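What follows draws every value from the coordinates through simple rules; no lab data is involved. Worth saying up front: this structure is predicted, and the values here are computed from it rather than measured. Note that each Cβ is placed from the backbone with ideal geometry, even for glycine, and that neighbours are counted across all protein chains shown.
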Amino acid sequence: MKNLLLFIAVFTVFACDAQAPKKSGKPKLVWSDEFDKPGAPDSTKWNYDLGNGCPNVCYWGNNELQYYTNEKKNVRVENGNLIIEAHKENRGDRSYTSTRIISKNKGDWTYGRIEVRANLPKGKGTWPAIWMLSTDWKYGGWPASGEIDIMEHVGYDPGVVHGTIHTEKYNHVKQTQKEGKITIPDAQDAFHVYAVNWEKDKMEFLVDGKVYHTVIRDPKDDFTGWPFDQRFHLLMNIAVGGNWGGAQGVDESIWPQRMEVDYVRVYQ
C-alpha cells in the first residue's frame, strides 16, 4: 500500500509539472525601429539634441566642431536605413553640421539587450557613437548618473571599436574608465551588429554576437561605481573632431560622411 501511495504521489507531481507553464529563456523584443518608412525618422520614437551644446555644455563637452540639426541633409530614412550625415558647412559658430538622434522619453529601459546594426563613416576627424545616457539623472550630472558606450570609433584609428562605461568612479577624465576594444577591419565598409547585454550587475559588449568586453560590478561599489539601476535612453550621432575624434586633426577633404543604421532592437 505504501508503495502504491508513493507511486501516486510521484505521478501527481510529474503530471502537475507537465501542465505548468514553462518559462522561456528567449528575450522579448520590447522596442525597435526598422527604418522602413522613407523620410524623417519616426517622431514617436526619436527626439534630437540640437545646436552646439551651449550654454549648458558648450561644444558638447569635448571641444567638438559640429552643430547638430534635425534637417534632412543631416538625418533621414532612405533605402531602409537611417542616415546620419555630417557636412562641412558653417552653422552658428561651428564649421560642420551633423545629427544626434535620441530616444529620450520615447524609448527608455532598465536592463536588456540593445542591438544596433550599423555601417560606420570613415576618415580622420569622424567620431561616430552609439551610446546611452541616464534619462532621469538621479545621481547627478555627468558622469555621476552613468554613460554606456555601445560603440565608439575614431576615424584616425580605422576599424577599432570601443565599448565603455563611465561613472563617477570610473571615467575618462580620471583615466579610470572601464573600456574594451575589438578590431573590425571592415567596420567602415560593411554593416555589423553592435550590442550590449545590460544586466543588474554585469554588462557584456558584443559585435555580431561575439562578446569582446565584460564589466562586472564590484560588490564594494555603490552608485558612484555602478549607477546602472535606472532607466537609460539611446543616442546615435557623428561628432566631428573634438578631444578624441580630432586628436590627430580633421581631414577637410572627406566630407560629407555618413553612418547608416539598418535597425535598432531592444530585448528584455
Under 8 Å between Cβ atoms, at least 6 apart or on separate chains: pull out the pairs that start in segment 250-265 with a residue that is closer than 21 Å to ASN63 by Cα and end on any residue that is in a strand (DSSP E or B) and basic (Lys, Arg). GLU252/LYS88; TRP255/LYS88; PRO256/LYS88
Tell me yes or no: at least one residue of segment 84-102 is touching an Asp or Glu at 6+ places or on another chain (Cβ under 7 Å) and surrounded by fewer than 23 Cβ atoms within 10 Å (Cβ to Cβ). yes
Test: SER134 is in contact with a His (Cβ under 6 Å, 6 or more places away or on another chain), closer than 26 Å to HIS213 by Cβ and not charged (D, E, K, R): no
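Give me the residue from segment 59-70 that is assigned to a loop (DSSP other than H, G, I, E, B) and touching a helix residue (DSSP H, G or I) at 6+ places or on another chain (Cβ under 9 Å) and, out of that set, surrounded by the fewest Cβ atoms within 10 Å (Cβ to Cβ).
We begin by selecting, within segment 59-70, every residue assigned to a loop (DSSP other than H, G, I, E, B); these are 62-63, 65, 69-70.
Next cut, touching a helix residue (DSSP H, G or I) at 6+ places or on another chain (Cβ under 9 Å) only: 62-63, 65.
On the way: ASN62: 17, ASN63: 13, LEU65: 23.
Among those residues, the one meeting the criterion is ASN63.
For the condition part of a strand (DSSP E or B), touching a residue at least 40 places away in the same chain (Cβ under 8 Å), within 28 Å of VAL75 (Cα to Cα) and touching an Asp or Glu at 6+ places or on another chain (Cβ under 8 Å), what is the one hit in ILE150, ILE165?
The match here is ILE165.
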Tally time: how many residues in segment 30-58 are surrounded by 12 or more Cβ atoms within 10 Å (Cβ to Cβ) and either part of a loop (DSSP other than H, G, I, E, B) or among the aliphatic types (A, V, I, L, M) (or both)? 12
For segment 53-62, enumerate the residues that are within 19 Å of LYS104 (Cβ to Cβ) and either of a type in the set (Gly, Ala, Ser) or more than 20 Å from the chain's Cα centre (by Cα) (or both). GLY53, ASN56, VAL57, GLY61
Could you please give the count of residues in segment 217-240 that are touching an Asp or Glu at 6+ places or on another chain (Cβ under 7 Å) and within 20 Å of VAL161 (Cα to Cα)? 2
If we ask which residues in segment 223-255 are crowded, with 17+ Cβ neighbours inside 10 Å, touching a strand residue (DSSP E or B) at 6+ places or on another chain (Cβ under 8 Å) and either over 16 Å from ASP149 (Cα atoms) or among the charged types (D, E, K, R) (or both), their number turns out to be 6
Which numbered condition ARG113 misses (of (1) free of Cβ contacts under 8 Å to residues at least 60 places away in the same chain; (2) part of a strand (DSSP E or B); (3) out of contact with any Asp or Glu (no Cβ under 7 Å at 6 or more places or on another chain)): (1)
Hey, can you tell me all the residues within segment 190-216 that are out of contact with any strand residue (DSSP E or B) (no Cβ under 7 Å at 6 or more places or on another chain) and surrounded by 12 or more Cβ atoms within 10 Å (Cβ to Cβ)? GLU199
